[in-house]
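**Q** Sending over a structure as structure tokens; questions will come in a sec.
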Amino acid sequence: MIRVIQGDITTLKVDTIVNAANQVMLGGGGVDGAIHRAAGRELYEACLKVPEVRPGVRCPTGEARITPGFKLPAKFVIHTVGPVYRDGQHGEPEKLAACYRNSLALAAENGCKSIAFPCISTGVYGYPIEDAAQIAVREVRAFLAASTSALCATADKKNAEMEAIFCCFSERDKMVYESIV
Ligand code: APR
């Protein structure tokens with residue numbers, strides 16, 4: 001199931017929220033800053049323990065890492081790093097799609113039944129909301145369709161479909177998503 005809301009993602013009582021992080025994964029501005037402020041110092045310490053894959057990079061663009069949510073109402077935070085938008089011709093769409101796919105896969109691996117996404121890459125990283133929202137909805141729909149058909153095959157009713165929430169900070173972003181979902 002997919003829902004679109006307007007609000008502050010740090011207030012959502014879901015199994016996991018997704019953070020639009022940077023590759024260093026030690027906090028920043030925007031939603032990253034809000035999540036770290038709300039989760040508290042332990043989140044920073046948990047991020048510090050995530051191994052660097054190369055100097056200064058804990059989470060490469062397009063990948064995802066999971067930590068506890070600490071003081072947040074959400075159980076987990078999935079940190080993913082969106083692409084910095086240039087012109088859409090330098091692999092940005094593929095990287096943004098990978099953020100959603102890898103975050104969903106990590107959420108499923110950790111038994112999450114509900115996940116909330118911010119509008120990844122559409123703030124500091126400059127991705128046009130209309131293009132980013134199309135990619136986000138397409139990837140979430142594909143994931144839910146695949147997992148639902150797998151559930152039907154196993155008739156595993158207790159494993160209900162994951163709920164995906166697009167948590168938009170602005171009314172404008174919410175309207176863009178509502179025109180697609
Ligand atoms: N709840 C939900 N959405 C939020 C919140 C919040 N509390 N705060 C900001 N947003 C929205 C922004 O309005 C934007 O729509 O999150 C979206 C993503 O914007 P950014 O946070 O700027 O993230 P991004 O564009 O992916 O840039 C990531 O910015 O904050 C730094 O450390 C971060 O370097 C990284 C870069």
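The numbers here are math on the coordinates, done by the rules we state, and not lab data. Please read all numbers here as calculations on a predicted model, not as lab measurements. FYI the Cβ positions are ideal-geometry reconstructions off the backbone, even for glycines, and counts take in every protein chain you see.
**Q** Show me, bin by bin at 10 Å from 0, the whole-percent P(r) of segment 47-112 based on Cα pairs.
**A** Bin by bin from 0 Å, the calculated values are 21, 44, 30, 6.
**Q** Please compute the contact order of segment 57-167 in relative form: average sequence separation of alpha-carbon pairs under 8 Å and at least six residues apart, divided by the residue count, as a percent.
**A** 25 percent
**Q** Let me ask something else. For segment 35-48, what does the Karplus curve 6.51 cos²θ - 1.76 cosθ + 1.60, with θ = phi - 60°, yield as ³J(HN,Hα) per residue in whole Hz, taken in order and with x for Gly and Pro?
**A** Calculated HN-Hα couplings, in order: 5, 5, 5, 6, 6, x, 4, 4, 5, 4, 5, 5, 5, 4 Hz.
**Q** If you don't mind, another one. Could you pull out every residue, at least 5 positions away or on a different chain, whose amide H is within less than 5 Å of the one on VAL4? Hs are placed 1.01 Å off N in the peptide plane, and Pro or chain starts have none.
**A** PHE166
**Q** Can you sort PHE76, PHE117 from fewest to most other Cβ atoms within 10 Å of each residue's own Cβ?
**A** With the fewest neighbours first, PHE76, PHE117 line up as PHE76, PHE117.
**Q** Taking H as built 1.01 Å from N, whose amide H comes closer than 5 Å to the amide H of PHE76, not counting residues under 5 places away?
**A** Under 5 Å from the amide H of PHE76: THR16, ILE17, GLY69.
**Q** About its Cα centre, what dipole magnitude does the chain give when the only charges are +1 on Lys and Arg Cβ and -1 on Asp and Glu Cβ, stated in debye to the nearest 20?
**A** Value, rounded to 20: 440 debye.
**Q** Based only on other Cβ atoms within 10 Å, what is the fewest-to-most ordering of THR148, THR80, THR61?
**A** Sorted ascending by nearby Cβ count, the order is THR148, THR61, THR80.
**Q** Mind listing P(r) for the chain? All alpha-carbon pairs, 10 Å bins, whole percents.
**A** 10, 40, 37, 12, 1
**Q** By DSSP, what percent of the beta bridges with both residues in the chain are antiparallel, rounded to the nearest 5?
**A** In the chain, DSSP labels about 25 percent of beta bridges as antiparallel.
**Q** When a footprinting reagent is the concern and you count Cβ atoms within 10 Å, what order do THR10, THR122 take, fewest first?
**A** THR10, THR122
**Q** Moving on to the next point. Springs between alpha-carbon pairs under 10 angstrom, Gaussian network model over the chain: which of SER149, SER114, SER103 fluctuates most?
**A** Maximum among the listed residues: SER149.
**Q** If you don't mind, another one. What do you get for Rg/Rh of segment 1-51 when both radii come from the Cα atoms and Rh is the Kirkwood radius?
**A** Expressed as Rg/Rh, it is 0.99.
**Q** A further question on this structure: What is the local net charge at GLY123, summed over the other residues whose Cβ is closer than 11 Å to its Cβ (Lys, Arg +1; Asp, Glu -1)?
**A** -2
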